[in-house]
Amino acid sequence: MGIAASPSATALVRAASDLADGAPWFAVHVETAEWHSTAAQRLLDESLTRARELGAEIVITRDLDVSAGLLRVAHDQAVTHLVVGETRPRRLGWLRPTPGGRLVAHGGGFAVQVLPTTGSPLARSAWSFSADPTGHGSEYALVLVVVAAITTAGLALPMNSHVSIGLVYLLAVIVLSLRVGRWPVMFAGMLSALAWLYVFIPPRFSFTLERPEDALLVGTYFVVALVAGQLTARIRAQAENERQREERATALLQLTRVLTEAGSFDEAVAGALRQADSLFGARCLLALARSPGEPLVRHPASSLELDATELTAVETARHEGRNAAAATVGEAGFFVPLRPDRGTAGVFGVKTSHDRPLGLAQRDLIEAFARQFGLLVEREHLRAASEREKLLAESEKLHRALLDSVSHELRTPLAVIGAAADELSDAAAPLRAELLDEIRLAAHRLNRLVRNLLDQTRLESGALKPRVDWCDARDLVNAAVESTGDALAGRPLEIDVPDDLLPIRADFALTEHALANLLLNAALHTPAESPVAVSVRIERENICFAVADRGPGFPPSMRNRLFKKFARGHADRPGGLGLGLSIVRGLITTQGGDVTVAGRAGGGSVVTIFLPLGRASQPPSA
């Protein structure tokens, strides 16, 4: 159905909804070059809002002719019935038929139903080209000035023929149509025709026409002036409509670009709100709810602060899922819910600082902005939900890996200690010494496990602070070898430390623990009796501790996660928490160093610790 700014439009909407009887239907408003008054705009908004509440899809289009616009939308949407309201028949209706009459005449293929309405002046003026023909005072004044100037110039200049000045008048009417509205152009045509007739056509200063050709000339001039002026005004109105369409398309394109190029949600919202402020020449607001049921919170990038009236309009738009307007002295606001069909997550609002209300094209553009904001918020919610799911999956994975590893690492030494303790009381002296060794080794294994877990916790909490002091590199290597002696028993150990190596600055306990973890890894993940080598060298401004083995090396699939927690080279091989290299890197980086892993010529791997030499101060004297 077609909707205009009429007091009876709401009743027509209800009638059209009853006629639809649950079938899809459209409420169409054809926006011409007219300007609606505040009262007419309010009536139109109420009608469109009511149509949306009754299930209609709102379509707002532009055309110079209402019936042509309705027929175009009907063809595009493949509708079968057209419903319009009509007042009582106009006088001389054959000269200017009503929109309903034009639909009946040209709506072939459609069932056109014209419903009677009340004939109020507002309802009749809603279909006219200009809703306020007397509201162009400055344009009428311009017409008077131009016609008076041409008349004065014509009297001052010698004119042999009154036809020449008539052409000048006609040119002025056409030029004025580029500047003023339709009604002022009609006024210019009539005024120039009367001035030409009275001042220049013989007998001068009289409205009498002596020759029939003069009467034909004046009549033709009047018709040509009106037609030329109206055609020019119509072309100008069409150009204005096209300009508004282009501005709308450009605004949406720029908005899409801002939203797609932004690096974060807040950056996208800030860019879109800045664009809205500039486009509408107003202050804009985006209020969002952190979760359903929570109050709306104004986004920091919004330029509009809410007062009590606007806050009521915002809450109305949110809870009722429809557009709401708020008006104060000299200001008007328009607030649109974001995606009300999926639960209103926020409200987008625009507040102007002038008395003239927002036009339908501007409101439609505001609703388009609100839909884009709704999509942006929905995408952010989906991204946050995806991140939460990913974190939960990673947490579950780490929890499962930790539980499996800790349970195995704890059960094995505890089982050994328990079994050895049960047999210890009844065992002979030689067997008792062997059982005591097993208890000691299991206790050492438990101690390393607990120490690794505690170190990992201290590293993640930032509580582990290095105590850097002068220490000897050979002492570091010997201490690490001694602490892992049980794991390295039975395999060749190669130690290469230069005799002339000066003392270095490092945290002895943290560095020794890191070296011990590397030696323990080499012992656990390489074949029995394969050699392990430890070497120390100076490389540029670093002291390097390298632990090399002849094992299988690190698999290629593990290259990107070597230093992550619970990363194990061979998941099917029992033993180990997968914390060794993660703890080694943490212990070394807290001292300003680094750890690298590389393959070894002939097979195996090499893990190298780099620590800065710290030559800023002299080592202590021997």
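The values are calculated or read from the model by the stated rules, or taken from the named source; none is laboratory data. What you are looking at is a predicted structure, and each value in this text was computed from that prediction instead of being measured. With ideal geometry, Cβ positions are generated from the backbone for all residues, glycine too; neighbour counts draw on all protein chains shown.
The table that follows gives values for the structure above.
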{"item": "Residue check, Asp341 at pLDDT below 70 and within 28 Å of Gln244 (Cα to Cα)", "result": "no"}
{"item": "Selection status of Ala228, surrounded by 12 or more Cβ atoms within 10 Å (Cβ to Cβ) and not assigned by TED's automatic domain parsing to the domain that holds Thr352", "result": "yes"}
{"item": "Any hit, the range 537-545, residues being at pLDDT 90 or above and in contact with a helix residue (DSSP H, G or I) (Cβ under 8 Å, 6 or more places away or on another chain)", "result": "yes"}
{"item": "Enumeration of residues in the range 257-294 that are outside any loop (DSSP other than H, G, I, E, B) and of a type in the set (Gly, Ala, Ser)", "result": "Ala268, Ala270, Gly271, Ala272, Ala276, Ser278, Ala287"}
{"item": "Matching residues in the range 179-198 - criterion: being within 56 Å of the chain's Cα centre (by Cα) and part of a helix (DSSP H, G or I)", "result": "Arg182, Trp183, Pro184, Val185, Met186, Phe187, Ala188, Gly189, Met190"}
{"item": "Among the residues listed as Glu434, Glu438, Glu482, the single one being of a type outside the set (A, V, I, L, M, F, W, C), under 26 Å from Asn542 (Cα atoms) and at pLDDT 70 or above", "result": "Glu482"}
{"item": "Hits in the range 233-271 (condition: surrounded by 12 or more Cβ atoms within 10 Å (Cβ to Cβ) and either closer than 28 Å to Pro184 by Cα or modelled with pLDDT under 75 (or both))", "result": "Ala233, Arg234, Ile235, Arg236, Ala237, Gln238, Glu240, Asn241, Gln244, Arg245, Glu247"}
{"item": "Of residues in the range 579-606 being surrounded by 15 or more Cβ atoms within 10 Å (Cβ to Cβ), over 17 Å from Ala506 (Cβ atoms) and hydrophobic (A, V, I, L, M, F, W, C), the one modelled with the lowest pLDDT", "result": "Leu579"}
